[in-house]
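The structure under discussion appears below in the form of structure tokens.
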Protein chains: 2
Amino acid sequence: VATNPTQTPTLLRASAAALEPPTYDDVLAAADRLAPIIGPTPLLRSRALDARVGGRIFLKAECLQYTGSFKFRGAYNRLAQLDEGERQAGVVAFSSGNHAQGVAAASALLGMKSVIVMPRDAPAAKIDATRGYGAEVVLYDRWTESREAIAGAIASERGATLVPPFDDPRIIAGQGTVGLEIGRQAERFGEELDAVYVPASGGGLIAGVALALAEDSPGTAIYVAEPAGFDDHRCSLEAGHRVENAPGATSICDALLAPTPGEITFEINCRLLAGGVAVSDDEVKRAVAYAARTLKIVLEPGGAAALAALLAGKIDAQGKAVALVLSGGNIDPALLAECVRAYPEP
Amino acid sequence: VATNPTQTPTLLRASAAALEPPTYDDVLAAADRLAPIIGPTPLLRSRALDARVGGRIFLKAECLQYTGSFKFRGAYNRLAQLDEGERQAGVVAFSSGNHAQGVAAASALLGMKSVIVMPRDAPAAKIDATRGYGAEVVLYDRWTESREAIAGAIASERGATLVPPFDDPRIIAGQGTVGLEIGRQAERFGEELDAVYVPASGGGLIAGVALALAEDSPGTAIYVAEPAGFDDHRCSLEAGHRVENAPGATSICDALLAPTPGEITFEINCRLLAGGVAVSDDEVKRAVAYAARTLKIVLEPGGAAALAALLAGKIDAQGKAVALVLSGGNIDPALLAECVRAYPEP
């Protein structure tokens, strides 16, 4: 359980020159860039889940994505657009895990060096995996050190490009390929989706998904799924402007702890989202257990947020076609074991 | 851990009238019957796994199949061919789990009653799931009672059709749709597979897969993956005739404990298989853990047999395109937790 760290917003954003929000065409271009590298992840069905909630549920299994989460999409789309000089200097990123793995893996594929600044208390599985992709990992203490200062120093010392986790048009466009795939796959099932639920931390994934579906499936309502206490998107949508989470909240969703929506992401999300739901740690653990037991897939807590909302009765799916983005599966084995042991019953 | 029970072969077989082995066309007809009911399961890739073994590995994820294993395919294909009178009398089957769920779910979809005779010590998850599909479950003690006698009495009392687990041409043809999908999906990846590894208990799945690929991908070698001590297919292939496993063996692969290959299945398998590999319980547990940790999918022990062989270095995948059938995911949550706890490292 990690609390909400204080962040310096500037280093979470792309440089000023690139602050224009991405367009649907940018998402299509990202899909072209990614096509030779990764295939689409499956859009899974479960008769058991359909029967339980009385609707037609479509599960976008980004846990099966390369690096175990959707983050590879945005990272690769960003890094593939660096010029030759930038590639030689390498990249630096800070992340508690999934963005780290995405940047590390994308760097390796593009023949670039990467330095990832990670909190010492990040899940061991994520730190190990990031090193496994060939990145240099620099650990910091999230209570006494500033990751922004560490990453900034590395970037300026090496001339490396800092890759922000979400507030970057090319990152958002890359994540948007999830939305393109959902639209096309649902069409192949003969469905027009009533709603899509997407987890959010800084909001890059949901902004990209919303961009894609606003064009491809304009009748689909897009909702955000967040941990209780970190439901800054839901609160910001209601307030009409970006608000911060109250300090002191805790959540097991280590991938969903950003303190406030991104600037660029919120510019998109405030136009295109329909609302949001928030889930408790207990609801998330039940969803992780349900996914393993019934769906036969492994989700990390943050990746299970939308499923948790559905199983907890917070999504009205009765008679509807609803897609859930299961955004990642990088859970520590011990926590997975704890969830399936704690909730052995459907 | 269960030991090898003595079985009366006659009730494991289809009636004499239907003993002709199925053909490739029967597999195509099964695919047509199944098409409105289930979509293809994904053929997954993993860069991490490819890098580890130095080959291109294709994972046929039947754990994501309806009922959690491939068994639904054969059961539905068998039951859909019952006539009106047979449908009204219902079906009976005995099974330690996956066949039970397949028959129960297929019966429910076709509006038929099903009685499933299951050992009292079968995984609780499988018994619960079988009941959940609407079947009447009759439990028996595998040490003191005969499941054949119980099932036979129910069948004759109710006029119900006994559905054998593997030694039936329509069951084999249904399982063969796994092979059709593998061939088509590999083609979409631009690959001609060098080899496919398939787990076997009575051999229905591998016989069907071999029938399909002998036609669609004749250059692909088909190998069987079995638990050590239950490697009756491998031994039978070497002997040139059906041999029985030695008594007293134990395995955690509760789905792969048939004492000897089926008659019809072996008629196909002795012509079409290239050989086999056997895996230990420890190798299987490591594969279950690897699947959850790295692939983000949940496998039951039997479903992990082929992956276990690959990870243990028993399959030479260097520079090759190799498909593994991951045949099921119905593992007891406690065992899944035990595996991921016991093997937290890649």
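For this structure, a couple of remarks:
- Residue among B:Leu49, B:Leu307, B:Leu110 with the largest mean-square fluctuation in a Gaussian network model of chain B, springs linking Cα atoms under 10 Å: B:Leu110
- The same position B:Ala334 in the other copies lies at 2.2 nm from this copy, comparing label points 7 Å beyond Cα toward the beta-carbon, shortest first.
- Given charges at Cβ of Lys, Arg, Asp, Glu: the protein assembly as shown dipole, positive-most of B:Gly203, A:Cys235, A:Ala210: A:Cys235
- Proximity of backbone amide H atoms, modeled 1.01 Å from N, is registered between A:Val243 and A:Ser236 at under 5 Å, excluding neighbours fewer than 5 places apart on the same chain.
- Seen through its C-alpha gyration tensor, with square-root eigenvalues sorted a ≥ b ≥ c, segment A:189-346 comes out oblate because a/c lies at 1.5 or above while a/b is not bigger than b/c.
- Derived scalar couplings between HN and Hα for segment A:120-128 equal 4, 9, 5, x, 4, 4, 6, 5, 4 Hz in order, rounded to whole Hz, by the Karplus curve 6.51 cos²θ - 1.76 cosθ + 1.60 (θ = phi - 60°), x for Gly and Pro.
- Cut-off under 5 Å, modelled amide H: who pairs with B:Val117 long-range: B:Ala93, B:Phe94, B:Ser95, B:Val138
- Between the helical axis of B:24-34 and the longest alpha-carbon principal axis of chain B there is an angle of about 70 degrees.
- Between the amide H of A:Ala228 and those of A:Val279, A:Ser280, distances stay under 5 Å, these residues lying 5 or more places away or on another chain, with hydrogens modeled in the peptide plane.
- Restricting attention to chain A, the count of lysine pairs at 8 or more positions apart or across chains with alpha carbons under 23 Å apart stands at 16.
- Taking every alpha-carbon pair within segment B:78-119, the share separated by more than 14 Å comes to 39 percent.
- Separation of alpha-carbon centers, segment A:201-277 and segment B:130-160, rounded to whole Å: 53 Å
- HN-Hα J in Hz across segment A:99-113 - Karplus 6.51, -1.76, 1.60, θ = phi - 60°, x for Gly and Pro: 4, 4, 5, x, 5, 4, 5, 5, 4, 4, 5, 9, x, 10, 7
- Nearest-first distances (nm) between copies at A:Gly111, label 7 Å from Cα via Cβ: 6.5
- For the protein assembly as shown, the fraction of alpha-carbon pairs in successive 10 Å shells from zero, as %: 3, 16, 26, 24, 17, 9, 4, 1, 0
- Length added when fully stretched, A:Asp83-A:Leu139, from 0.36 nm per residue minus Cα-Cα: 17.3 nm
- Taken about its Cα centre, segment B:207-346 carries a charge dipole of roughly 420 debye when the Cβ of each Lys and Arg holds +1 and the Cβ of each Asp and Glu holds -1.
- With the label put 7 angstrom out from Cα along the Cα-to-Cβ vector, A:Ala124 ends up 2.8 nm from the copy partners, going from closest to farthest.
- Cα-based shape type of segment B:54-140, given that a ≥ b ≥ c are square roots of the gyration tensor eigenvalues and the cut on a/c is 1.5: oblate
- Estimated from helical segments only, the mean residue ellipticity of chain A at 222 nm is -12500 deg cm²/dmol, where each DSSP H run of four or more residues counts as -39500 (n - 2.57).
- Across segment A:227-241, coupling constants 3J(HN,Hα) worked out from phi with the 6.51/-1.76/1.60 Karplus curve, θ = phi - 60°, read x, 4, x, 10, 8, 5, 5, 4, 5, 5, 4, 5, 6, x, 8 Hz, and Gly and Pro carry x.
- Candidates A:Val279, A:Val243, A:Val198, ranked by Gaussian network fluctuation over chain A, Cα under 10 Å, top entry: A:Val243
- Chain B: translational diffusion in µm²/s, Stokes-Einstein, Kirkwood Rh over Cα pairs, 25 °C, 0.890 mPa s: 125 µm²/s
- Computed on chain A, with alpha-carbon pairs under 8 angstrom and 6+ residues apart, the relative contact order is 23 percent.
Bear in mind these aren't lab numbers, they're just calculated from the coordinates by the rules spelled out. Treat the numbers as computed from the prediction; the structure is a model and nothing was measured. Neighbour counts run over all protein chains shown; Cβ positions are idealised from the backbone, glycine included.
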